[in-house]
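Read through the structure below, which is laid out as structure tokens, and then see the notes.
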Amino acid sequence: MSADATTGGPAAAPPANGFVARAWQSIQMPLIATLAGLLLTTVLILSIGKSPLDVYAALLRGALGSVFGISSTLRWATPLILAGVAVTIGFKAGLFNAGLSGQIYLGGLVGSLLGFTIDLPAGLHPAVAILGGGVAGGFWALIPALLRRYLGASEIVTSLMLWYVAIGISDFLVRQFFRDPTSAAFLMSVKVAPDAVLPSFFPVGNVSVMLFVSIAVAIVAHYLMQRSRLGYEVRLTGANPLYAFYSGLPTGRRLILAFCVSGFLAGMIGAAESIGINQRFVSQFDPGFGFDGFLVALLAGGNIAGCIPAGIFLAILKAGGTEIERTLGVSKSIIWILQGSIILVVSAYRLRDQINALFKRRTGP
Amino acid sequence: MPQPTIELIGVTKRFGSFVANDAIDLTIQPGEIHAIVGENGAGKSTLMKTLAGLHVPEEGRVLLHGEPVELKNPEIAMARGIAMVHQHFSLIDAMSVAENVVLSNPPRRFGLLQRRKAEEIVAELSKTYGLAVQPRQRVADCRVGVQQRVEILKALYRNPEVLILDEPTAVLTPQETLALIDNLRSLKSLGKTVIFITHKLKEVMAVADRVTVMRAGKIVLSVDIADTSPNQLAAAMVGRTLVVESRAEPVTPGRELARLEGVVCTPEGGGIGLDRVSFTLRQGEVVGIAGVEGNGQSELIEVITGMRVPHAGRILLKGQDVTATASPKAMRAAGVGHIPEDRISTGLAPTASLLDNLITGAHARPPIRRGMWIDRAAARTHATRLVQAFDVRPGNIDADARSLSGGNMQKAIIARELDSDPQIIVAAHPTRGVDIGAAEFVYAQLLGRRDRAGVILVSSDLDEILRLSDRILVMYRGAIVAEAAPEALTAEQLGLLMAGITPDAPSTTGEAA
């Protein structure tokens, strides 16, 4: 039967048994969403009288067609992967870290502070700065976590509000004490010590060792969540808090832990962006990693390791968008439309059931 | 012979490679009360969901009044006069009883809900069918038994021709069950057709005109009630002759395991609270807590298991005062095992795998705990062993817990809770929604633990209470109003006590008088 070929052999067996079937299950939705998004953008591009093939070719050329393109893609993938992991860890515990951007911002402040106030050897300095930024982000996440634990306040609202507080505190401190005297229009701090800069290992662009840190964090976090006792308890708390409580698990502590780890990773993003890319604290340096983190997490479908391909995918779109604008004169907003429609379809999880039902009926005896 | 209301011809429903309904032929006559019985996973609910438009069968035809129909979705089924009350509630917790009941077609003026009208309608409906509810109460504040009544009223509000009830009496008290049976009869006298799924053969014999027995997705027996007997039905259900054991020999009570002294909980969240409850549980005994649902049993369970902190009084476990440190964790550490009354919201994480659900608790001890890790091989061995020992079907430990039927969820919970070898077993409705064979197994498990544990059994099934208990406590309005040995009570006397009617001379005087 030709229908069998569509789903692949293993799909005929009971679902989610065997590696291939499971891999197919997890990749199915992002794949369908991407195709749907491409379809929509194709229609749009046609309607403005451009060739979709040209646009997609420019996109790929911009992101992967040159050393510069690849370096640009990897540069964006670095924070996107981490942001996706931070959001997904929250999801696993049943929490919604809407304040990722605040934790990123504060992490950026503390990371750069550590970069220009202390003196450390070259290898150690960036590590200390990034971990310091992580601690700052984790601390900033601790506040909504505690408010949720002891007062029942929604972590979505409190963490989001604390974003503005983080911007206020950081900009105020930099303006008052650390402002680069040569900077006029932009608010930025003095430069970090040369030892604290994360060097790029690419001939062009800004791809630092942080890329491997991001990927390693995703893999380690995935493993810990699936295999460790703490990870198990966090997952159970997220799946049904009342059941976890009834089972005698310390649900409050697990919620706080997960939220703080999420904030820690966000803080790392801010610190790495500051010392690695800008080499100082720059006001409004975050181009929206907090929101992008949710896109990555949704695309990864709650799978922590899945944030690696999902992050790289969104990085390709980000890096390629510029090329579309530069060579074809098509606004790179088209990329946002593509992103938006992909997320829309990914979020429509009931669609997945219907598609699965369709396949099941077609492959049924 | 009149035109049948419903005819199913060769209906087959598959889930993947699993055949839930295998070429089912079934005829439902107008105005009959038709009981569907069978073990957990026999395909009863699946078949009924097909009628209610929730499942579309792969093969076969459905005829309504001789006319072929395609019940593609619940709306179509409803429009055809088929309403179903599900085993698991689908109520909106934040809304009132009245709002829930009229949800499908609310009385409106200028597009706005006429709240008072809705409340009047529901009060009227409640009176007509004898299902007592308070229309203005929030559903979240209702006990499980009341929520069930709201579900039934919600279906009746649509004035259906055929009413399908999936285990309607599982959560009802004996009195409520009798009332419901009366209601079913009056529905029948109005020419309506009632189909109900149950495990309780007593109810089948009492009210049904016809009974269909299912086993492993097939119909094995479909007879008029006059032509059958409970024994024949039981044998058909399990496919073998069932040996119903008589009451187990009492064990001499040993050391004291748990003691409550004057425990008070103020009423909150619609509950009745606890009114100076005192009792003692000893090793080797089963203490049955009888009472109409919502008379403090839930609160009592929550206090003993650490889910709720009492406002006054003391809790002693094995002689230790644990009142100040009460929490589920502390109580479990002290040897309390808990089979909760609501398996979906408390007893399981439905979206987690069966494996993850079965190792909870055991995950914190070796061999599953290995340092900071969960030993996967040990976890799988553990889960597989529980699935086999307690016959949880289907036993795919990687599947989500929510994919199990109600009875199998219950088996999984009992397996997990008893595996830690608790000395104080708190069992709330342990056989609710569980088939006869499995119920016998659960009884044997609970009784078999008496040599090293004590059991607190809360149940609205009086036969269960009378059969298992060494001592029976009756709760009414948050207090223990009577204590008696099971031999000294009949089901009728117990029913009266539960209704708050204390006879002059019960065999033993009430402790909390």
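Worth pointing out:
- Restricting region B:18-98 to trypsin sites (Lys or Arg not before Pro) in coil, as DSSP defines it, with at most 11 other Cβ within 10 Å: B:Lys72
- Alpha-carbon centroids, region A:185-245 and region B:93-151: separation in whole Å: 51
- A Förster radius of 45 Å, combined with the Cβ-Cβ distance separating B:Arg115 from B:Met205, puts the computed FRET efficiency at roughly 0.60.
- 0 to 90° range, to nearest 10: angle between helix B:144-157 axis and chain B longest Cα axis: 10
- Computed over region B:31-140: relative contact order in percent, which uses C-alpha pairs under 8 Å that are six or more apart: 20
- For B:Val19, B:Val458, A:Val296, the sequence from fewest to most other C-beta atoms within 10 Å is B:Val19, B:Val458, A:Val296.
- For B:Lys117, a cut-off of 15 angstrom between C-alpha atoms picks up these aspartates and glutamates, skipping any fewer than 8 places away in its own chain: B:Glu99.
- Fewest neighbouring Cβ atoms within 10 Å first, the residues B:Arg138, B:Arg365 line up as B:Arg365, B:Arg138.
- For region A:79-363, the equivalent ellipsoid derived from the Cα gyration tensor has semi-axes of 32, 26, 17 Å, listed largest first.
- Dimensionless Rg/Rh of chain B - Kirkwood Rh, Rg from C-alpha atoms: 0.97
- Over 22 Å (Cα to Cα) - which of B:Lys72/B:Lys127; B:Lys127/B:Lys154; A:Lys92/B:Lys411; B:Lys13/B:Lys188; B:Lys200/B:Lys411 fall in this group: B:Lys72/B:Lys127; A:Lys92/B:Lys411; B:Lys13/B:Lys188
- Largest first, the extents of the alpha carbon coordinates of region B:322-409 on the three principal axes equal 42, 33, 23 Å.
- Exposure proxy order (Cβ contacts within 10 Å, fewest to most) of B:Thr5, B:Thr490, A:Thr182: A:Thr182, B:Thr490, B:Thr5
- Working from Cα pairs under 8 Å separated by at least six residues, relative contact order for chain A is 33 percent.
- Each Cα pair under 8 Å and six or more residues apart adds its sequence gap; the mean of these over the residue count of chain B is a relative contact order of 15 percent.
- Relative to the compact-globule estimate of 2.2 N^0.38 Å, the Cα radius of gyration of region B:105-209 comes out at 1.13.
- Principal-axis tilt of helix B:174-189 within chain B, Cα atoms, nearest 10 degrees: 0
- Axis of helix B:436-448 versus longest Cα principal axis of chain B: the two differ by about 0°, to the nearest ten degrees.
- Kirkwood estimate for the protein assembly as shown, i.e. one over the average of 1/r between Cα atoms, Å: 30.8
- All Cα-Cα separations within region B:31-121 were binned at 10 Å from zero, giving a P(r) of 13, 34, 31, 18, 4, each value a whole percent of the pairs.
We did not get these values from a lab; they are worked out from the coordinates using the rules stated. Fair warning: this is a prediction, and the values are worked out from it, not measured in the lab. For neighbour counting, all protein chains shown are included, and Cβ atoms are generated from backbone atoms with ideal geometry for every residue, glycine included.
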